[in-house]
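Below is one structure, written out as structure tokens, with a few remarks after it.
The values are calculated or read from the model by the stated rules, or taken from the named source; none is laboratory data. For clarity, every value in this text was computed on a predicted model and none was experimentally measured. Here the Cβ positions follow ideal geometry from the backbone for every residue, glycine too, while neighbour counts run over all protein chains shown.
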Amino acid sequence: MALIHVPEQMNNAEAVGKEAAEMKGHRQVAIVIDDFGNGMTGTPEMMQLPVKFTTAVMPFMPTTKQDAELAHKLGNDVIVHMPMEPVRGKPEWLGPGAIMTSMSEAEIRKRVEAAIDDVPFAVGMNNHMGSKVTADERVMRVVLTVVKERGLFFLDSRTTYKTVLPKLTAELGVPLLSNQVFLDDVYSTNHIAKQVGVMRKYLENNESCVIIGHVGPPGKMTASVLKDAIPRMQADTQFVRLSDMLVPSAEQDIIPHPGGNR
């Protein structure tokens, strides 16, 4: 019997088509949880979320390596939660190794490199606070240059509408993702549930959404709301890691978050 050769590209095309069919009607949500690394309230609860998510770990903290290693073991993305100077807010909220706009370019580079080295398995970076730094082109150019050299992506937490990240990442060729919804900027279960509703409304007209929550004061509440919401959304929503959302273009649909104390 003669064998019929099926071209490899046909098999690939069929596979892509099948995958697309399976994903039709599914929206993508990337859950990002900030402030790991300091043994904060809600850490165990967040690590037990029933879907893959992205763990933003602060460098140079007591549980930095422990939290990053556990997140990686669970199959979650790990990113560096880089402390950066805000327009307003208490300096002590920043933690060690923070980037300040008064620093020299050499010092900024040194701190960014050290932070990346301190967080095991990091594949990206986002800003902790940083409303002043992420609006500063000089400072962010240094930060993003190091990010590119290390092969990381950057998540703009969108703590200021004056962010220079879309411009600079496009110029430097750094993969960019942007936050659309803060879940727990107000520490109450009702507000967090309301923000989940904002996310669902956003998904009515958009194929994907990045949401940010926190361990710490709202940690247990946020984990509880997410554990309740996720099963009810999974029929038409796929929960992914940030790295699963990366596309060649740095252009992303973004919603400004003019948070003043971040």
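Looking at M129, M125, just one residue is buried (at least 22 other Cβ atoms within 10 Å of the Cβ) and in contact with a Ser or Thr (Cβ under 8 Å, 6 or more places away or on another chain), and that residue is M129. Of the residues examined, T101 is not one that is under 19 Å from A30 (Cα atoms) and either without any contact (Cβ under 8 Å) to a residue 12 or more places away in the chain or of a type in the set (S, T, Y) (or both).
Yes or no, residue by residue, for (1) at pLDDT below 95; (2) out of contact with any helix residue (DSSP H, G or I) (no Cβ under 7 Å at 6 or more places or on another chain); (3) assigned to a helix (DSSP H, G or I); (4) under 29 Å from A68 (Cβ atoms):
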| site | (1), (2), (3), (4) |
| --- | --- |
| N190 | no, yes, yes, no |
| K194 | no, yes, yes, no |
| R200 | no, yes, yes, no |
| I211 | no, no, no, yes |
| P217 | no, yes, no, yes |
| A223 | no, no, yes, yes |
| K227 | no, yes, yes, yes |
| P231 | no, yes, yes, yes |
| A235 | yes, yes, no, no |
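Return only the number of the condition from (1) farther than 22 Å from T237 by Cα; (2) within 15 Å of the chain's Cα centre (by Cα); (3) in contact (Cβ under 8 Å) with a residue 60 or more places away in the chain that G42 does not satisfy. For G42, the failing item is (2).
Would you check if T222 is of a type in the set (S, T, N, Q), in contact (Cβ under 8 Å) with a residue 40 or more places away in the chain and closer than 16 Å to Q48 by Cα? Yes: the conditions hold for T222. Residues that are closer than 18 Å to H81 by Cβ and touching a His at 6+ places or on another chain (Cβ under 9 Å) were ranked within the stretch 158-173; the one that is surrounded by the most Cβ atoms within 10 Å (Cβ to Cβ) is T159. In this structure, L176 qualifies as of a type in the set (A, V, I, L, M, F, W, C) and surrounded by 22 or more Cβ atoms within 10 Å (Cβ to Cβ). Consider R158 against the criteria (1) part of a loop (DSSP other than H, G, I, E, B); (2) out of contact with any helix residue (DSSP H, G or I) (no Cβ under 8 Å at 6 or more places or on another chain); (3) closer than 24 Å to T63 by Cβ: it satisfies all of them except one. Which criterion is unmet? If we test R158 against (1) part of a loop (DSSP other than H, G, I, E, B); (2) out of contact with any helix residue (DSSP H, G or I) (no Cβ under 8 Å at 6 or more places or on another chain); (3) closer than 24 Å to T63 by Cβ, just (3) comes out false. Every listed requirement among (1) modelled with pLDDT of 95 or more; (2) part of a loop (DSSP other than H, G, I, E, B); (3) of a type outside the set (V, I, T) is met by N261 save one, (1). With respect to the conditions (1) in contact (Cβ under 8 Å) with a residue 24 or more places away in the chain; (2) under 27 Å from V112 (Cβ atoms), P231 lacks only one, and its number is (2).
Checking each residue in the stretch 36-57 for being within 19 Å of L177 (Cβ to Cβ), touching a Gly at 6+ places or on another chain (Cβ under 7 Å) and either among the β-branched types (V, I, T) or crowded, with 24+ Cβ neighbours inside 10 Å (or both) picks out only V57.
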